[in-house]
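Asks: Before I ask anything, let me first share the structure, which is written out below as structure tokens.
All of the numbers you see were taken from the coordinates with simple rules; none came from a lab. All of these numbers come straight from a predicted model, not from anything done at the bench. Virtual Cβ from ideal backbone geometry, glycine too; neighbours counted across all protein chains shown.
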Amino acid sequence: MAIIERHREEVAIQGAELPEILLPTNCPGCGIALEQEELRSHNYVCLNCAHHFRLGADVWIQLIADSGSWQERWTDVRSHDLLNWTVPKPYQETVERLLEDGLNEAVRTGTCTVANQPIWFATFDFGFVGGTLSIVAGERLARGMEQAASSRTPYVLVSASGGARMQEGVLALMQLAKVNAAVGRLHSSGAPFFSVLTDPTFGGTAASLALLGDINIAEPGAAIGFTGPRVIKQATYADLPPGFQSAEFQLAHGQVDMVVPRTELRPLLAHLLEMYP
Ligand SMILES: [Zn+2]
């Protein structure tokens, strides 16, 4: 970690100031009253109990990319209601409302630098239909990975997803195979793939690409798994162990490689990128 220490000051200077986010009055981890400015300067991690607040794609882009380096791609690839899904409400209406709110699909992707080292970067946005893997999300992920593979550029992914998007049915499920094949091409090219798993990473996203990084990095306390604990308990009638499906539980059981506080993430990525030129 001494080498990471070397990056810390440099990385802190290059990082952009994070935007404000909607916060509860009190921390869900410890109940302390929250101060927006204080939390923002600490990457939205509670200073009292280290609860990691969920972040949208906009904040993740600011958090990972060097200031001014982000170049977003394929923003015009948009979702359409191919199955005429209307339960519990028309899918097309949901998508249009989210687009009007300024969100642009469950995955955003592009290029940037981290401590002046170029990467392809993709981040899920849990605010867009639970960060679900859709046709658009799968297409953006696969295109970015193919570009990273052909240019042998490191690929960094931040996941926050409930799995495949049920409103797109089998077309969403097909994205699992597509992104899995794209990960295979990335691995074959020799370009490193660093996967950051945040709260929550579940279902088809965990099953198709989030756990396939060369190094899988989880945030403290993040819930990570395929099916949630309530459904597993109903199916097995078993008492689940304490901390089941937490990042720390997955680390202890070999499913992730490290659990890293958000404040250490940029210095760690800068270090890893230097190791895999
Ligand atoms: Zn707290």
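Asks: What number of residues within region 218-250 are without any contact (Cβ under 8 Å) to a residue 12 or more places away in the chain and hydroxyl-bearing (Ser, Thr, Tyr)?
Replies: Result for region 218-250: 2.
Asks: Can you give me the number of residues within region 40-69 that are within 16 Å of the ligand (Cβ to nearest atom), of a type in the set (S, T, N, Q) and surrounded by fewer than 19 Cβ atoms within 10 Å (Cβ to Cβ)?
Replies: Number satisfying all stated conditions: 2.
Asks: While we're looking at this one, here's another question. On the given criteria, is ALA142 of a type outside the set (Asp, Glu) and out of contact with any Pro (no Cβ under 7 Å at 6 or more places or on another chain)?
Replies: Values: of a type outside the set (Asp, Glu): yes; out of contact with any Pro (no Cβ under 7 Å at 6 or more places or on another chain): yes.
So ALA142 fits the description; yes.
Asks: Using the structure shown, decide if ALA235 is buried (at least 19 other Cβ atoms within 10 Å of the Cβ) and more than 24 Å from LEU47 (Cβ to Cβ).
Replies: no
Asks: Now for a separate question. Within region 31-47, is even one residue at positive phi, polar (S, T, N, Q) and under 21 Å from the mean Cα position of the chain (by Cα)?
Replies: Yes: region 31-47 contains one or more residues that are at positive phi, polar (S, T, N, Q) and under 21 Å from the mean Cα position of the chain (by Cα).
Asks: Here's a check for you: in region 84-101, which residue that is surrounded by 14 or more Cβ atoms within 10 Å (Cβ to Cβ), not aromatic (Phe, Trp, Tyr) and not in a loop (DSSP other than H, G, I, E, B) is farthest from the ligand (Cβ to nearest atom)?
Replies: It comes out as GLN92.
Asks: Could you identify the single residue in GLY131, GLY144, GLY163 that is crowded, with 21+ Cβ neighbours inside 10 Å and under 24 Å from GLU264 (Cβ atoms)?
Replies: Details: GLY144 fails: under 24 Å from GLU264 (Cβ atoms); GLY163 fails: under 24 Å from GLU264 (Cβ atoms).
Within the list GLY131, GLY144, GLY163, the selection yields GLY131.
Asks: Within region 75-83, is even one residue more than 16 Å from the ligand (Cβ to nearest atom), on the phi > 0 side of the Ramachandran plot and without any contact (Cβ under 8 Å) to a residue 24 or more places away in the chain? Talk me through it step by step, then tell me what you get.
Replies: Going through region 75-83, the residues more than 16 Å from the ligand (Cβ to nearest atom) turn out to be 75-83.
From what is left, the residues that are on the phi > 0 side of the Ramachandran plot are none.
No, every residue in region 75-83 fails to be more than 16 Å from the ligand (Cβ to nearest atom), on the phi > 0 side of the Ramachandran plot and without any contact (Cβ under 8 Å) to a residue 24 or more places away in the chain.
Asks: Which of the following residues is of a type in the set (Val, Ile, Thr) and closer than 26 Å to THR263 by Cα: VAL179, VAL129, VAL196? So that I can check it myself, show each step before the final result.
Replies: On the way: VAL179 fails: closer than 26 Å to THR263 by Cα; VAL129 fails: closer than 26 Å to THR263 by Cα.
On inspection, the qualifying residue turns out to be VAL196.
Asks: For region 166-178, which residues satisfy the criterion of being surrounded by fewer than 24 Cβ atoms within 10 Å (Cβ to Cβ) and either at positive phi or not basic (Lys, Arg) (or both)? Walk me through how you get there before you give the answer.
Replies: Looking only at region 166-178, we keep the residues that are surrounded by fewer than 24 Cβ atoms within 10 Å (Cβ to Cβ), and these are 166-167, 169-174, 176-178.
Passing the criteria: MET166, GLN167, GLY169, VAL170, LEU171, ALA172, LEU173, MET174, LEU176, ALA177.
Asks: On the given criteria, is ALA142 at negative phi, in contact (Cβ under 8 Å) with a residue 12 or more places away in the chain and either in a helix (DSSP H, G or I) or of a type in the set (Val, Ile, Thr) (or both)? Break it down into steps so the answer makes sense when it comes.
Replies: Numbers: at negative phi: yes; in contact (Cβ under 8 Å) with a residue 12 or more places away in the chain: yes; either in a helix (DSSP H, G or I) or of a type in the set (Val, Ile, Thr) (or both): yes.
Against the criterion (at negative phi, in contact (Cβ under 8 Å) with a residue 12 or more places away in the chain and either in a helix (DSSP H, G or I) or of a type in the set (Val, Ile, Thr) (or both)), ALA142 qualifies.
Asks: Failed condition for GLY184, given (1) assigned to a helix (DSSP H, G or I); (2) in contact with a helix residue (DSSP H, G or I) (Cβ under 8 Å, 6 or more places away or on another chain), with all others met?
Replies: Failed condition: (2).
Asks: Next up: Are there any pairs, at least 6 apart or on different chains, whose C-beta atoms fall under 7 Å, with the first in region 20-41 and part of a loop (DSSP other than H, G, I, E, B) and the second more than 8 Å from the ligand (Cβ to nearest atom) and among the β-branched types (Val, Ile, Thr), and if so, which?
Replies: ILE21/VAL59; LEU34/THR25
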